[in-house]
Amino acid sequence: MKLFSWFFDMFSNITHDQVVVGANVFLVIFTIVLAYMAYKQFQDSRIINRAYLSVRPNGVKTFVTDPSKLVGYISIQNVGRLIAKEVTCAVSIEWNDLEGLKKFPAPEPLEIKTVVFPKAALVIGTKAIDIERTGGTAKPSGFLYIWGVVKYKDGFWRNRKTEFCHYYFCGHREVPTSDDATFRISASNGRDSGHGNNAD
């Protein structure tokens, strides 16, 4: 009974103004909580629904108009849910007799600005490189490195970039025949380098 009486006395002394103030404080706190929950939902939806560009190896083969040159190809794939806009790319190719290179010069920018739709892919080629640098079609050796960066807007107008670095062992080229002397390395033989791959 004493406890009941204490609660009764405490609440009986509360004035109307105190009730109003308390209600307003509760409404302010409740509004802040709702706003925070809405903000978190918006942030989560951006993470789930944004555009994501992944860059995969897409093979190496002789240049169409000059069989003494090689061109490397990359496939820019949108694995997200929104259109990637203002997509630009810088990419380079180089031969080296060493595996596992860690440092590369700045890639060469390409004059493109495009969009990539969800689940779509954009194939881009590098500059041409002399096939003789690999040892030619008869006894190719060494490694071809393809590296660069893709920049884009993620569907929420936030700037994003995907840095990539792939390499091919030239000895994995398809054996030329009398009917087809094309130097070709399939995309399945492309490997991600341990360095130069990063995305946000």
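The values are calculated or read from the model by the stated rules, or taken from the named source; none is laboratory data. None of these values were measured; they are calculated from a predicted model. Note: ideal-geometry Cβ built from the backbone for every residue, glycine included; neighbour counts use all protein chains shown.
Within region 124-150, if we keep just the residues that are more than 30 Å from the chain's Cα centre (by Cα) and on the phi > 0 side of the Ramachandran plot, the residue that is surrounded by the most Cβ atoms within 10 Å (Cβ to Cβ) turns out to be GLY135. The set of residues in region 68-81 that are part of a strand (DSSP E or B), of a type outside the set (S, T, N, Q) and over 17 Å from ASP130 (Cβ atoms) comprises TYR73, ILE74, ILE76.
Residues considered: ASN58, ASN78, ASN49. Of these, the only one that is at pLDDT below 90 and surrounded by 14 or more Cβ atoms within 10 Å (Cβ to Cβ) is ASN49.
For region 83-100, residues that are surrounded by fewer than 18 Cβ atoms within 10 Å (Cβ to Cβ), among the aliphatic types (A, V, I, L, M) and at pLDDT 95 or above total 2. Selection of first residues in region 61-86 that are under 18 Å from GLY125 (Cα atoms) and hydroxyl-bearing (Ser, Thr, Tyr) and of second residues that are modelled with pLDDT under 95 and not in a strand (DSSP E or B), restricted to Cβ pairs under 6 Å at least 6 apart or on distinct chains, gives the following pairs, ordered by first then second residue: THR62/THR182; THR62/PHE183; SER68/ILE131.
Scanning region 89-134 for residues that are touching a Pro at 6+ places or on another chain (Cβ under 7 Å) and either of a type in the set (Gly, Ala, Ser) or closer than 30 Å to ASN49 by Cα (or both) yields a total of 3.
Taking residues in region 101-112 that are farther than 16 Å from SER193 by Cα and loosely packed, with under 13 Cβ neighbours inside 10 Å, and partners anywhere that are at pLDDT 95 or above and not charged (D, E, K, R), the pairs with Cβ atoms closer than 7 Å and at least 6 places apart or on different chains are ILE112/THR88; ILE112/CYS89.
Results for (1) closer than 19 Å to VAL60 by Cα; (2) of a type in the set (S, T, N, Q); (3) in contact with a strand residue (DSSP E or B) (Cβ under 9 Å, 6 or more places away or on another chain), shown as yes or no for each residue.
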| site | (1), (2), (3) |
| --- | --- |
| LEU82 | no, no, no |
| LYS102 | no, no, no |
| ILE112 | no, no, yes |
| VAL116 | no, no, yes |
| LEU122 | yes, no, yes |
